[in-house]
């Protein structure tokens, strides 16, 4: 075993330049959820060239009906055409058409446990800063896709997954069991994991691991953190109010004001009574309404979310929000339609696996580890993976890859220290080797 770990560390160190190059290439061509067509095709190309026994793409990855928050077909087709022009792999690109993104690489290494590793691949609808001091600008790898940016480190996560894939296939003769590398689409908005779970890819998995780059202080940067892994359950909703247009001066009484229904809903959504001793959240992040100052608004749309640190608390918020939007519509004699476009569950790490992650990564990879503090965090649709595996008696651990970051997450100035690429590859690789040699 010591020889395996030595080889992993040596390979990870030697691939530093290649990891940076890969990450920067991905950073230049960010793609939103269900539009990661170029990204998926290039991942599949690499996994096939590495020698993976199975490389699943397209409809073999996601259950079509379980995809949430899917863009309109016209938008998906535009993104497909752009991927063609931006160097997507011609063998694998056709399978992604229509929003069937994501890739799964599988290694069969005889009898033993099934280990799944998850890496998210999508970007955010943000315009990257033009500041010359921003490293991607200074080094010439900033986003080339207007209004889209890797501002949450998923270009790093994808790169870590590919680096891990290369190392593990090179030592496959020393591994026992089945390895699944899951490159997941549409994590932003928590839209993609459920479709992979519903396709059955987590069935029979004994161990599942996921991670996220995380901004650290001087004390903790360059380390790995694993604790209880608590995340907030969440529900994402798009709410459309339909009214009736009329002249605002001549006959306002003939209109049905969808904007009034929408703003009534917004004010009352943010006034939902909180849920006992559980932590809850609500936010209306976007309101689109109206067509002119002298017209009664006939159409308005809200994009909102609720969260809770228990399933019950999140359900309370979801039910209350639904009652509010229905009441607001009725008050202004409008129709309302609610579409659920994303969701995640509460997630908890398996204590035994979390402890093993800290121990193995410290002792075998030489990376400082810490017990991540509990408390409110964001939401993660990795929770679908975790829940399915734990329901079957398996174990799950979601850990933090702590590095220095420039700017906060989901911000136009976000960037991260690329030491996190090497640390991530080491962490996933030594843990996989440990679990598949137990």
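So, residue 204, is that one in the same structural domain as residue 384 (by TED's automatic domain parsing) and at positive phi or not? So residue 204 fits the description; yes.
Against the conditions (1) within 25 Å of residue 207 (Cβ to Cβ); (2) at pLDDT below 95, residue 420 satisfies every one except (2).
Considering each residue of the stretch 255-280, count those that are modelled with pLDDT under 95 and either buried (at least 17 other Cβ atoms within 10 Å of the Cβ) or under 14 Å from residue 240 (Cα atoms) (or both), and give that number. Give the derivation first.
Narrowing the stretch 255-280 to residues modelled with pLDDT under 95: 273-280.
Next, only the ones that are either buried (at least 17 other Cβ atoms within 10 Å of the Cβ) or under 14 Å from residue 240 (Cα atoms) (or both) stay: 275, 280.
Residues in the stretch 255-280 being modelled with pLDDT under 95 and either buried (at least 17 other Cβ atoms within 10 Å of the Cβ) or under 14 Å from residue 240 (Cα atoms) (or both): 2 in total.
Screening the candidates 131, 187 for the property of being farther than 30 Å from residue 10 by Cα and more than 22 Å from the chain's Cα centre (by Cα) yields one hit, 131.
Of all the strands (runs of 3 or more DSSP E) wholly in the stretch 220-303, which have at least 1 residues that are not assigned by TED's automatic domain parsing to the domain that holds residue 423?
Working: elements: 223-225, 233-242, 280-289.
Of the strands (runs of 3 or more DSSP E) lying wholly inside the stretch 220-303, those with at least 1 residues that are not assigned by TED's automatic domain parsing to the domain that holds residue 423 span 233-242, 280-289.
Listed here are the residues, each with its yes/no results for (1) part of a strand (DSSP E or B); (2) over 18 Å from the mean Cα position of the chain (by Cα).
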| site | (1), (2) |
| --- | --- |
| 363 | no, yes |
| 367 | no, yes |
| 378 | no, no |
| 385 | no, no |
| 393 | no, yes |
| 400 | yes, no |
| 408 | no, no |
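Looking at (1) touching a helix residue (DSSP H, G or I) at 6+ places or on another chain (Cβ under 9 Å); (2) in contact (Cβ under 8 Å) with a residue 60 or more places away in the chain, which is the only condition residue 33 fails? Every condition holds for residue 33 apart from (1).
Per the conditions (1) over 12 Å from residue 413 (Cα atoms); (2) surrounded by fewer than 24 Cβ atoms within 10 Å (Cβ to Cβ); (3) free of Cβ contacts under 8 Å to residues at least 60 places away in the same chain, the sole criterion not satisfied by residue 154 is (2).
Quick one: count up the residues across the stretch 289-301 that are under 26 Å from residue 234 (Cβ atoms) and over 25 Å from the mean Cα position of the chain (by Cα). Show your work before the answer.
The first filter runs over the stretch 289-301 and keeps only residues under 26 Å from residue 234 (Cβ atoms), leaving 289, 300-301.
Next, from what is left, pick out any that are over 25 Å from the mean Cα position of the chain (by Cα): 289, 300.
Final tally of qualifying residues: 2.
On the stretch given as the stretch 172-209, residues that are in a loop (DSSP other than H, G, I, E, B) and surrounded by fewer than 21 Cβ atoms within 10 Å (Cβ to Cβ) total 6.
The values are calculated or read from the model by the stated rules, or taken from the named source; none is laboratory data. In this text, all values refer to a predicted model and were calculated from it rather than measured experimentally. Backbone-built Cβ (ideal geometry, glycine too); neighbour counts: all protein chains shown.
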